[in-house]
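Chemist: Sharing a structure here in structure tokens format.
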Amino acid sequence: MTAAAGAPAPVDNPGGVPLLRAHDIHAYYGHIHALQGITLDVFPGEIVTLLGANGAGKTTTLRTISGLMHPRTGTITFDGTDITHVPAHRLVTRGVGHAPEGRRIFGRMTVLENLQMGAYTRHNKAELEMDFDRVFALFPRLRERSSQAGGTLSGGEQQMLAIGRALMTRPKLLLLDEPSMGLSPILVEQIFDVIRDIHAQGTTVLVVEQNALMALGVAHRGYILQTGRIVLGDTAANLRQNPEVQKAYLGG
Amino acid sequence: MSAAATPVARRRPRVGRLNNLLVIVLVLIAAYVIIAIPSGDQAQQQFVNAVTIGAIYALIALGYTMVYGIIELINFAHGEIFMCGSFVSWWLLTTLGFSGAISDPILLIGVLILAFAVSMVVMGIVGVVIERLAYRRLRNAPRLAPLITAIGVSFILQNIVFVVVSNSIVTTPQIIPNTQLALGPISINLINLFVIVLAVGLMVALQLFIGRTRLGRAMRSTAIDRDAAQLMGVDINTTIALTFFIGSALAGAAGVVQGLYFGITVFNIGFQAGLKAFTAAVLGGIGNTTGAALGGFVIGFLEVISSVWGQGRWSEAVVFGMLVLVLVFRPTGILGQQLADRA
């Protein structure tokens, strides 16, 4: 697989004001010190990936950004404002969309209802119409299955629904947590193609992945997490060349 | 992508609507026959009585099932909400100076609307306040903690009414005149017709609200996955409060019906009624609103059947025996856990 094929041109020196800035965040699960000083930036128009082994803190980082958890210390700024302690449901309206780990679709609700949930905070009918069309254009499969219960979809379709649902919040920043998890290689390719499309349509993306090869293929920059710390942050191209990264994450 | 969409979970094949209707009709005929054998010409009246009592249980059961569906708490204080509702309506009607049937239809309708509106709103607010003060802090505590708290809240409400209002049985004004109506071949008392129409109306309204509206979707999504609902912008505190409001308002309505239909209430009436309504919710499949309504009617029939067979003393044993049987053979209840089901 040629990981770089079709990848957006890497931004070597992303400039300007970051859309998202996490500064030295520490988060805990009870007494477990899960995030031990995470600092990362995501600039407008970027795809950034967060790589690391199981338990490194990738999911916790995303949950802290989207407000499902709050850091004990450190600050998170989004779009120029401090969001460190803003609860998740308020961040949605500010432009943070999160497709969580394990998809977490509403299994007993129909595909259409799941997408309507994504549009929960929005009221502009014309915009909503556009976004439903956009999601159905990205995932024609969801239109076919729109009246079916979400729980009866296949794994790949559920992932599409989870991403589509997050897109219905019309995010400025889309957080994707392991979109490739449990999917066949063909489906993984498709999902990453869609991530490229979503980015091309103007959404900034922060994607957590185990599949480092695919993630570094689409991302401009990446961070490597180990036991709650960022040990490396660089352009995707440099990370692909890095012997340690190759050894640990790219099976080289 | 591959054409084969493998369902994640195997689900029971969905029985057609027509089949469901057929089953319901057959069960009703069977129930009628069972009631008719010992009661003879009283059969019709007893049948109507069963539906009426069932409707009351169903209204209470909905609150149990909704709260369980959304926060997995058996709200043992819910029976007391029903009891308090009956006292609110008693207080209102006696304060307004009513003691018996109101013959002027317009006045009657006005007073009924007032009684239901006041009792439902007051009990709805009480439910929200209880959730806010007693349960919210325990939302992430081990399950036993809120359960015991709920039992405590139940005692508190009982004792407040016991001390402040009355420690014995209170007679409530039965403002609906005792009139027998003929609906085609069926002869039905006005009060029964009123209770059945009201209860069914409230249940249909609830189903439409949960199934078709934005807030209903918020409630269902919160019940399925709280984190995911938050990520959609749902304020789960508000949504849970709304659930308590609706469930408690329905119990408040059942409380008004209790007073109108039976003409009495007492501070500890919520215990038995709550326990049976809870049984109804479990019978139907806890977390499932349709199931709760169904379970309520099943219990209404079981009670009336045991009493017409001269075994009124056994009605509790029959009801809870049925609960045991259903749980042994179908642990998720008759209709299964719809709201509480996880994807």
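Chemist: Has the stretch B:85-102 got any residue that is in contact with a Gly (Cβ under 6 Å, 6 or more places away or on another chain), over 30 Å from B:ILE236 (Cα atoms) and not hydroxyl-bearing (Ser, Thr, Tyr)?
Modeler: Yes, the conditions are met somewhere in the stretch B:85-102.
Chemist: Looking at (1) among the hydrophobic types (A, V, I, L, M, F, W, C); (2) open to solvent by less than 20 Å² (accessible area, probe 1.4 Å); (3) within 21 Å of B:ARG214 (Cα to Cα); (4) within 11 Å of another protein chain (Cβ to nearest Cβ), which is the only condition A:PHE139 fails?
Modeler: Answer for A:PHE139: the failing condition is (3).
Chemist: With the checklist (1) modelled with pLDDT of 90 or more; (2) of a type in the set (A, V, I, L, M); (3) assigned to a helix (DSSP H, G or I); (4) open to solvent by less than 10 Å² (accessible area, probe 1.4 Å) in hand, flag the one item B:ALA43 doesn't pass.
Modeler: Every condition holds for B:ALA43 apart from (1).
Chemist: Anything in the stretch B:236-286 that is assigned to a helix (DSSP H, G or I) and polar (S, T, N, Q)? List them, or say none.
Modeler: Let us first name the residues in the stretch B:236-286 that are assigned to a helix (DSSP H, G or I), namely B:236-262, B:269-284.
The answer is B:ASN237, B:THR238, B:THR239, B:THR243, B:SER248, B:GLN258, B:GLN272, B:THR279.
Chemist: Search the stretch B:300-343 for residues being over 18 Å from the mean Cα position of the chain (by Cα) and within 14 Å of another protein chain (Cβ to nearest Cβ), and hand back the single one that is modelled with the highest pLDDT.
Modeler: Among residues in the stretch B:300-343 that are over 18 Å from the mean Cα position of the chain (by Cα) and within 14 Å of another protein chain (Cβ to nearest Cβ), the one modelled with the highest pLDDT is B:THR332.
Chemist: Something else: Going by the conditions given, is B:ILE186 modelled with pLDDT of 95 or more, β-branched (Val, Ile, Thr) and either open to solvent by 20 Å² or more (accessible area, probe 1.4 Å) or touching a helix residue (DSSP H, G or I) at 6+ places or on another chain (Cβ under 8 Å) (or both)? Steps first, please.
Modeler: Working: modelled with pLDDT of 95 or more: no; β-branched (Val, Ile, Thr): yes; either open to solvent by 20 Å² or more (accessible area, probe 1.4 Å) or touching a helix residue (DSSP H, G or I) at 6+ places or on another chain (Cβ under 8 Å) (or both): yes.
The answer is no for B:ILE186.
Chemist: Could you list, in sequence order, the residues of the stretch A:94-145 that are polar (S, T, N, Q) and under 13 Å from A:MET168 (Cβ atoms)? Show your work before the answer.
Modeler: Going residue by residue through the stretch A:94-145, those that are polar (S, T, N, Q) are A:110, A:114, A:116, A:121, A:124.
If the condition is that a residue be polar (S, T, N, Q) and under 13 Å from A:MET168 (Cβ atoms), then A:ASN114, A:GLN116, A:THR121, A:ASN124 are the ones that fit.
Chemist: Taking the stretch B:101-136, which residues are farther than 24 Å from B:ILE74 by Cα and open to solvent by 30 Å² or more (accessible area, probe 1.4 Å)? It would help to see each step written out before you state the result.
Modeler: Start the filter on the stretch B:101-136 by keeping residues that are farther than 24 Å from B:ILE74 by Cα, which leaves B:101-118.
Residues satisfying the conditions are B:ALA101, B:SER103, B:ASP104, B:PRO105, B:ILE106, B:LEU107, B:ILE109, B:GLY110, B:ILE113, B:LEU114, B:ALA117, B:VAL118.
Chemist: Further question: Tell me, which strands (runs of 3 or more DSSP E) wholly within the stretch A:162-252 include 3 or more residues that are surrounded by fewer than 21 Cβ atoms within 10 Å (Cβ to Cβ) and free of Cβ contacts under 8 Å to residues at least 60 places away in the same chain? Explain how you work it out, then say what you get.
Modeler: Numbers: elements: A:173-177, A:204-209, A:221-226, A:229-235.
Passing ranges, in order: A:229-235.
Chemist: Then there is this: When residues of the stretch A:149-161 are filtered for being open to solvent by less than 10 Å² (accessible area, probe 1.4 Å) and either facing another protein chain (nearest Cβ under 9 Å) or within 15 Å of B:GLY233 (Cβ to Cβ) (or both), how many remain?
Modeler: Number of matching residues: 5.
Chemist: Also, I was wondering about something else. How about the stretch B:213-234: which of its residues are facing chain A (nearest Cβ under 7 Å) and either more than 16 Å from A:LEU115 (Cβ to Cβ) or aliphatic (A, V, I, L, M) (or both)?
Modeler: B:ALA218, B:ILE224, B:ASP227, B:ALA228, B:GLN230, B:LEU231, B:MET232, B:VAL234
Chemist: To continue, here is another question. Could you check, for the stretch B:241-253, whether at least one of its residues is closer than 18 Å to A:MET117 by Cα and open to solvent by 10 Å² or more (accessible area, probe 1.4 Å)?
Modeler: Checked against the condition, which is being closer than 18 Å to A:MET117 by Cα and open to solvent by 10 Å² or more (accessible area, probe 1.4 Å), the stretch B:241-253 yields at least one hit.
Chemist: Pairs only if they're at least six apart or on different chains, beta carbon under 6 angstrom, first in the stretch A:101-118 and more than 9 Å from every other protein chain (Cβ to nearest Cβ), second of a type in the set (Ser, Thr, Tyr); list them, first residue then second.
Modeler: Note: pairs meeting the criteria are A:GLU101/A:THR59; A:THR110/A:SER147; A:VAL111/A:SER146; A:LEU112/A:SER146.
The values are calculated or read from the model by the stated rules, or taken from the named source; none is laboratory data. Everything quoted here is computed from the prediction, not taken from an experiment. Note that we place each Cβ from the backbone using ideal geometry, even for glycine, and neighbour counts take in every protein chain shown. Protein only, heavy atoms only, side chains kept; ligands, DNA and RNA dropped before computing areas. Shrake-Rupley method; radii C 1.70, N 1.55, O 1.52, S 1.80 Å.
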